[in-house]
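Novice: Sharing a structure, written as structure tokens. Questions coming.
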Amino acid sequence: MLKQLNSIRYMYIRSHLYGLILNTFILAAIILSIYVWFQPAWLSAGAILLFIMLYLGIGFFMAIYAGFKSSGDLKQRMDYISSMITQLARGKFSAKIYFNENDEIAGLGDELNELGEKLQQQKESLLKLADEKGELARTAHKAATIEERQRLARDLHDAVSQQLFALTMMAQATEKVFEKNPSHAKEQLREITEMALQAQTEMRALLLHLRPVHLSGEPLTEGIASLVEELKKKCQIDFDLQMEEIHGLSRTIEEQLFRIIQEALSNILRHANATEVKVEVSRGGEEVFLHIADNGVGFNTEEKKGNKTSYGLKTMKERCEEIGGTYALRSRQGEGTHIDLRVPMQVSMKGEE
């Protein structure tokens with residue numbers, strides 16, 4: 001009820017009633033002044049009261065009628081504007097509104113029409129940018145896939161293929177000297193065993209890269225635990241997992257962190273010669289902390305800069321920066337390697353809608 005009394009129609013009626021009351025007071029003042037000063041015979045107190053009452057009664061109905069009549073057109077035009085705003089809010093930017101009058105409300109309608117045109121242009125621009133963005137994302141994914149395949153092929157050739165070739169040559173040589181020099185053949189067999197184990201480790205590390213990147217709907221911590229359990233069955237490494245259950249991470253951030261851990265464990269298998277690996281995942285405030293450490297042989301970080309063999313380290317750093325995180329690497333020869341990541345809980349991804 002109160003809302004209706006605050007509508008434009010009732011505002012017009014109230015304004016007419018205010019005008020009626022003001023006019024009544026002015027008219028009454030004039031009549032009373034004439035009655036006091038001139039005291040005409042035809043003007044009496046009863047006549048003044050009757051005249052004022054008639055004036056108020058007729059004026060009241062006239063004010064209501066004039067208020068409804070004069071506010072009807074304005075209310076209709078305001079309804080048109082409200083409907084136009086609703087259309088724009090629903091995304092129908094091609095809607096238009098026109099008035100025959102040339103006043104402020106008509107100007108407001110023209111401004112809404114211009115706003116709709118600008119929003120339509122922006123919508124078309126955003127759709128075009130979205131198409132270009134999708135095409136760039138597909139191109140980037142294709143290039144990354146090709147680069148990853150080339151790297152795996154290069155690693156297979158440089159590591160496993162050469163080791164298998166050396167194993168073949170040593171096995172043939174051992175066969176020839178086995179009867180002439182059994183002790184020397186035994187040493188060669190020991191070397192063959194070590195090389196075979198190294199080749200096996202290389203293959204496990206490379207196969208780790210072929211593991212699905214996606215977590216298949218499971219949380220990050222469960223995916224890491226599954227990965228570590230799988231590695232425990234295949235290599236003699238003692239894993240220490242300290243993981244805190246983290247809620248609110250986007251799927252993209254979880255997959256990138258999981259991929260970073262895959263890369264780190266692959267490097268440890270191939271190069272660190274470690275017996276102990278520690279993986280920590282925790283949350284501090286609005287950040288996720290990831291710590292990966294091993295007790296392996298370590299390396300000189302300055303020598304690794306610009307080295308093609310450090311591709312995995314570079315990839316981890318790029319993945320971390322892509323999700324808005326910070327990447328820190330510490331390593332010394334004989335003292336193992338430590339990797340620390342700090343990633344915001346919520347961040348806009350490049351290429352993520």
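The values are calculated or read from the model by the stated rules, or taken from the named source; none is laboratory data. Small disclaimer: the values here were computed from a predicted structure and weren't measured. Glycine also receives a Cβ, built like all others from the backbone with ideal geometry; neighbour counts cover every protein chain displayed. In case anyone asks, the SASA skips ligands and DNA or RNA and just uses the protein heavy atoms, side chains included. Shrake-Rupley method; radii C 1.70, N 1.55, O 1.52, S 1.80 Å.
Novice: Express as a percent, rounded to the nearest 5, the fraction of DSSP beta bridges in region 228-295 (both residues included) that run antiparallel.
Specialist: Here the share of antiparallel DSSP bridges comes out near 55 percent.
Novice: If packing is taken as the mean number of other Cβ atoms within 10 Å per residue, what is the order of 11-17, 294-300, highest first?
Specialist: 294-300, 11-17
Novice: Using a 1.4 Å probe, how large is the accessible area of SER331, given in Å² and rounded to the nearest 10?
Specialist: 20
Novice: Sorting GLU194, GLU175 by accessible area (1.4 Å probe), largest first, what list results?
Specialist: The ordering from most to least exposed comes out as GLU175, GLU194.
Novice: Compute the separation of the alpha-carbon centres of region 76-143 and region 1-70 and state it in Å as a whole number.
Specialist: 49
Novice: Same structure again: Explain nothing, just compute: Karplus ³J(HN,Hα) = 6.51 cos²θ - 1.76 cosθ + 1.60, θ = phi - 60°, for every residue of region 103-112 in order, whole Hz, x for Gly and Pro.
Specialist: Computed from phi, the couplings for region 103-112 are 9, 5, 5, 5, x, 4, x, 5, 5, 5 Hz.
Novice: For region 1-150, which whole-number percentage of the solvent-accessible area (1.4 Å probe, protein heavy atoms only) is attributable to carbon and sulfur atoms?
Specialist: Here carbon and sulfur together make up 65 percent of the probe-accessible area.
Novice: Of ILE224, ILE52, which has the most accessible area and how do the rest follow, probe 1.4 Å?
Specialist: ILE52, ILE224
Novice: In region 40-90, which chymotrypsin sites (Phe, Trp or Tyr not before Pro) are in a loop and have at most 15 other Cβ atoms within 10 Å, using DSSP for the loop call?
Specialist: Hits after loop and neighbour filter: TRP42.
Novice: Using a 7 Å offset from Cα along Cα-Cβ at GLN120, what residues in region 68-88 end up with backbone N under 18 Å from the label point?
Specialist: 81, 83-88
Novice: Taking 19 Å as the cut-off for C-alpha to C-alpha distance, list the pairs among LYS233/LYS317; LYS233/LYS314; LYS92/LYS123; LYS234/LYS314; LYS96/LYS123 that go past it.
Specialist: LYS233/LYS317; LYS233/LYS314; LYS234/LYS314
Novice: Using amide H atoms built 1.01 Å from N in the peptide plane, name the residues 5+ places from MET243, or on other chains, whose amide H lies under 5 Å from its own.
Specialist: Those lying under 5 Å, H to H, from MET243 are VAL281.
Novice: Mind ranking GLU101, GLU114 by accessible surface for me, highest first, 1.4 Å probe?
Specialist: GLU114, GLU101
Novice: Roughly how big is region 34-148's charge dipole about its Cα centre, with Cβ charges of +1 (Lys, Arg) and -1 (Asp, Glu), in debye to the nearest 20?
Specialist: With Lys and Arg at +1 and Asp and Glu at -1, about 420 debye.
Novice: Whole-Hz Karplus ³J(HN,Hα) for region 64-77, in order, using 6.51 cos²θ - 1.76 cosθ + 1.60 and θ = phi - 60°, x for Gly and Pro?
Specialist: Those phi angles translate into 5, 5, 5, x, 5, 5, 6, 8, x, 5, 5, 4, 5, 5 Hz.
Novice: Still on this structure: Provide the descending list of Cα extents for region 227-314 along its principal axes, expressed in whole angstroms.
Specialist: Result for region 227-314: principal-axis Cα extents of 37, 32, 19 Å.
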